[in-house]
Number of protein chains: 2
Amino acid sequence: MFQINENYLKLPGSYLFSTVGRKSREFIEANPDKKVISLGIGDVTQPLAPAVIEALHKAVDEMANADTFHGYAPDLGYEFLRKAIIDNDYKPRGVDLALDEIFISDGAKSDSGNIGDIFGPDNVIAVCDPVYPVYVDTNAMAGRTGDYVTEEEKWSKVIYMPCTAENHFVPAIPEQTPDMIYICCPNNPTGTTLTRDELQTWVDYANEHKSVIIYDAAYEAYISEEDVPHSIYECEGADTCAIEMRSFSKNAGFTGTRLGFTVIPKKLVCNGTSLNSLWARRHGTKFNGAPYIIQKAGEAVYSEAGKQQTKEQIAYYMRNAKMIREGLQNAGFEVFGGVNAPYIWMKTPDQMSSWDFFDVMLEKYNIVGTPGSGFGPSGEGYFRLTAFGSLENTQEAIGRITKG
Amino acid sequence: MFQINENYLKLPGSYLFSTVGRKSREFIEANPDKKVISLGIGDVTQPLAPAVIEALHKAVDEMANADTFHGYAPDLGYEFLRKAIIDNDYKPRGVDLALDEIFISDGAKSDSGNIGDIFGPDNVIAVCDPVYPVYVDTNAMAGRTGDYVTEEEKWSKVIYMPCTAENHFVPAIPEQTPDMIYICCPNNPTGTTLTRDELQTWVDYANEHKSVIIYDAAYEAYISEEDVPHSIYECEGADTCAIEMRSFSKNAGFTGTRLGFTVIPKKLVCNGTSLNSLWARRHGTKFNGAPYIIQKAGEAVYSEAGKQQTKEQIAYYMRNAKMIREGLQNAGFEVFGGVNAPYIWMKTPDQMSSWDFFDVMLEKYNIVGTPGSGFGPSGEGYFRLTAFGSLENTQEAIGRITKG
């Protein structure tokens with residue numbers, strides 16, 4: 001008789017954003033006259049850049065002719081895209097990467113969920129708390145997290161590294177040594193970052209303790225401050241301890257277009273085995289590449305026009321971030337993030353719980369945000385708003401709050 | 001100190017098609033004057049259908065405007081596509097499926113590799129031998145296959161069900177009861193099929209023994225004979241024991257466009273837990289949907305024009321299949337498949353090994369095929385050719401062989 005993966009049964013409730021979505025839908029159905037504005041899920045709203053659209057049309061036309069048709073892509077992704085990534089995202093920051101250290105994928109969510117495949121079942125993971133739920137949930141599915149302790153809203157074997165206003169959202173080195181350290185920087189949901197020195201501390205720690213860092217840099221394009229690294233490989237020694245993930249979702253509006261990549265330097269080894277070779281095997285066996293036309297769209301993000309246009313998109317969202325940040329501050333809220341990231345992280349008023357505040361926001365202001373506790377126990381008492389709405393909706397939403 | 005997934009170290013050599021690719025490239029580099037024709041990897045060569053191209057352009061234009069832009073897709077995929085699938089692939093065959101029993105993905109390779117996530121580590125798997133290597137390799141990564149026994153070219157815990165000319169490529173019920181039974185029908189690589197009665201035997205067996213069938217129907221569009229089922233759900237009781245995977249790669253030329261889906265009926269349960277809910281959780285946590293424009297392309301496959309055009313594509317490839325089949329037969333080879341599938345499975349002459357024959361084909365005829373032994377021990381002494389080449393190349397290749 002077949003058996004299921006019983007780790008799945010330990011997962012509490014449903015994926016955070018599914019619950020947010022369901023509650024919003026129910027409210028909208030019950031209140032068809034209300035205009036609900038979503039500043040909840042980190043989904044972009046601006047159209048793809050003209051350079052990307054042009055590249056897509058061109059690639060579609062290629063697929064219409066036998067002479068220019070593209071079937072299966074190379075396992076690691078098309079070289080034109082991997083080269084554009086190296087030349088634009090890494091070389092200018094002094095990071096040397098080989099073409100076969102880049103793996104093109106359908107996005108950072110898939111990669112950050114799937115990366116666990118190449119690690120053993122007994123590794124102890126550490127996560128910033130709060131953080132993007134996919135890291136913990138996928139490790140729970142793999143049996144690395146122990147049991148879920150409902151009273152504490154924590155997994156028994158996970159090392160939580162609180163990132164709160166009290167420690168300026170900088171995780172402290174934990175007492176117990178973790179094997180796998182997940183760092184999302186700029187952080188989702190807090191919108192906060194680590195300085196180069198702070199990140200270097202983690203890289204040194206990982207090398208010393210032979211831990212591996214899974215570094216999610218999905219929001220790096222939003223960094224505006226000088227001393228915040230865009231890539232972990234800007235830190236010395238990161239190539240022997242870190243895997244980096246990047247996404248086209250937020251820097252180029254690809255949430256519905258799906259493209260990302262993972263970097264695994266060949267120097268990253270465990271007992272003589274290169275993690276690059278393990279991921280290459282996984283990638284070649286359980287994945288069949290991102291579509292050709294989407295990889296061409298990704299290449300266009302790095303064209304001169306594409307770079308200019310996506311920069312303007314980011315500026316658009318960051319103007320929203322500023323508006324939310326300042327609007328909430330003026331309304332008397334305590335607010336973080338929103339400077340190097342499209343996320344604004346606010347303290348709930350009067351020590352209200354995150355989900356209670358979710359209800360207030362939805363019912364009183366008809367605004368959908370995301371409850372901080374959904375991102376980890378230290379997110380309790382916080383609330384996330386995103387800058388990905390349209391300018392008009394963001395203005396209207398903030399207007400509702402400031403009017404009280 | 002972090003540990004890797006040691007199951008990866010047990011995997012013998014590289015993925016079959018990577019080796020075929022490398023050997024071909026080396027030959028081409030060493031013999032730049034020779035025109036090498038690939039009838040090796042099952043990759044299509046004909047352009048996307050005009051209806052699909054039109055839908056892609058239209059969807060790209062939608063992505064260029066904020067009002068029609070699409071961000072993250074629904075977890076299960078867009079309803080327009082799931083509905084088209086049900087209405088065209090299932091309803092006409094008398095199969096009733098609900099919209100939330102279909103999960104859109106980036107292809108059947110990903111799905112057949114990832115499906116193992118929702119099953120326990122101790123399940124014993126059974127595979128047809130020979131078969132598409134992804135089933136065994138991904139179960140090896142998950143630790144379900146025991147150790148690789150080099151002399152036998154077998155995994156110690158896998159139940160191999162030989163499918164050879166001797167048993168007309170119909171797997172016999174094995175002595176040991178498997179928990180998970182992989183059936184690929186029409187089979188890759190043999191191009192052979194099971195009749196409705198033969199498949200019903202397996203469905204009855206699975207229900208009786210509480211095994212689950214992972215049914216890969218990626219080639220169903222090539223079925224030409226009446227008594228071969230297109231879906232396992234045409235068999236009575238399959239909805240309580242079977243998961244079905246489908247692909248747009250071969251019926252609509254999407255190998256480089258990436259789209260597929262998995263069907264998990266809600267009646268398929270294990271100790272009260274629905275596998276549909278487990279896969280929904282996996283899908284929502286480790287995957288973020290196929291691109292909107294690709295899902296629109298998939299919808300166009302089911303339009304009246306799309307159906308007509310993809311039918312013509314399949315007829316094109318099946319004319320190649322007939323040509324290969326008859327050409328090889330006339331040249332004195334023993335040949336199977338090619339009637340309900342785009343694969344032709346030939347016995348090597350003079351009991352030559354599969355890889356030796358690969359070298360002969362490459363060096364003497366400058367044709368790339370796939371060695372049968374790469375698909376499992378019972379594939380030894382066989383060789384696979386695919387019908388996915390162009391008409392001209394296929395003609396030329398067969399001409400070379402028949403001229404001897």
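The values are calculated or read from the model by the stated rules, or taken from the named source; none is laboratory data. Computed from a predicted model, the values in this text were never measured in an experiment. Neighbour counts run over all protein chains shown; Cβ positions are idealised from the backbone, glycine included. Remember, those area values only see protein heavy atoms, side chains included, never the ligands or the DNA or RNA. Shrake-Rupley method; radii C 1.70, N 1.55, O 1.52, S 1.80 Å.
If the condition is being part of a strand (DSSP E or B), out of contact with any helix residue (DSSP H, G or I) (no Cβ under 6 Å at 6 or more places or on another chain) and closer than 23 Å to B:Ser353 by Cβ, then the range B:155-206 contributes B:Trp155, B:Tyr160, B:Met161. Only one entry in B:Gly191, B:Gly237 is away from chain A (no Cβ under 14 Å), on the phi > 0 side of the Ramachandran plot and either without any contact (Cβ under 8 Å) to a residue 12 or more places away in the chain or surrounded by fewer than 24 Cβ atoms within 10 Å (Cβ to Cβ) (or both), namely B:Gly237.
For the range B:80-93, taking the residues that are open to solvent by 30 Å² or more (accessible area, probe 1.4 Å), over 30 Å from A:Pro47 (Cβ atoms) and of a type outside the set (Lys, Arg), the one that is nearest to the other protein chains (Cβ to nearest Cβ) is identified as B:Asn88. B:Ala218 meets the conditions (1) closer than 29 Å to B:Gly272 by Cα; (2) of a type in the set (A, V, I, L, M); (3) within 14 Å of chain A (Cβ to nearest Cβ) in every case but one. The failed one is (1).
Checking the stated criteria, B:Asp96 turns out not to satisfy the condition of being charged (D, E, K, R), surrounded by fewer than 20 Cβ atoms within 10 Å (Cβ to Cβ) and in contact (Cβ under 8 Å) with a residue 24 or more places away in the chain.
Filtered by the rule that a residue be among the aliphatic types (A, V, I, L, M) and within 14 Å of another protein chain (Cβ to nearest Cβ), the range B:194-215 gives B:Ala206, B:Val212, B:Ile213, B:Ile214.
Being charged (D, E, K, R) and within 8 Å of chain B (Cβ to nearest Cβ) is the filter here, so list the residues in the range A:278-305 that pass it. Within the range A:278-305, A:Arg281, A:Arg282, A:Lys286 qualify. Filter the range B:221-234 for residues that are open to solvent by less than 10 Å² (accessible area, probe 1.4 Å) and either part of a loop (DSSP other than H, G, I, E, B) or within 14 Å of chain A (Cβ to nearest Cβ) (or both) and give the result. Hits for the range B:221-234 are B:Val228, B:Pro229, B:Ser231.
Here's the yes/no breakdown for (1) more than 9 Å from every other protein chain (Cβ to nearest Cβ); (2) surrounded by 18 or more Cβ atoms within 10 Å (Cβ to Cβ); (3) aromatic (Phe, Trp, Tyr):
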position: A:Tyr78; (1), (2), (3): yes, yes, yes
position: A:Asp100; (1), (2), (3): yes, no, no
position: A:Ile115; (1), (2), (3): yes, yes, no
position: A:Cys128; (1), (2), (3): yes, yes, no
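Looking only at the range A:165-177, how many residues end up being within 14 Å of another protein chain (Cβ to nearest Cβ) and either closer than 19 Å to A:Ala218 by Cα or in contact with a His (Cβ under 8 Å, 6 or more places away or on another chain) (or both)? So the answer is 1. Across the range B:247-277, the qualifying residues are those that are open to solvent by less than 10 Å² (accessible area, probe 1.4 Å) and more than 20 Å from the chain's Cα centre (by Cα), and the one among them that is farthest from the other protein chains (Cβ to nearest Cβ) is B:Pro265. Restricted to the range B:17-71, and to residues there that are open to solvent by 60 Å² or more (accessible area, probe 1.4 Å) and small (Gly, Ala, Ser), the residue that is farthest from the other protein chains (Cβ to nearest Cβ) is B:Ala30. Entry remark, the range A:1-16: residues being open to solvent by less than 30 Å² (accessible area, probe 1.4 Å) and either more than 7 Å from chain B (Cβ to nearest Cβ) or of a type outside the set (A, V, I, L, M, F, W, C) (or both) number 4 in total.
Under 13 Å from A:Thr190 (Cβ atoms) and without any contact (Cβ under 8 Å) to a residue 24 or more places away in the chain, is that true of A:Val339? Considered against the rule, which asks whether it is under 13 Å from A:Thr190 (Cβ atoms) and without any contact (Cβ under 8 Å) to a residue 24 or more places away in the chain, A:Val339 comes out as no.
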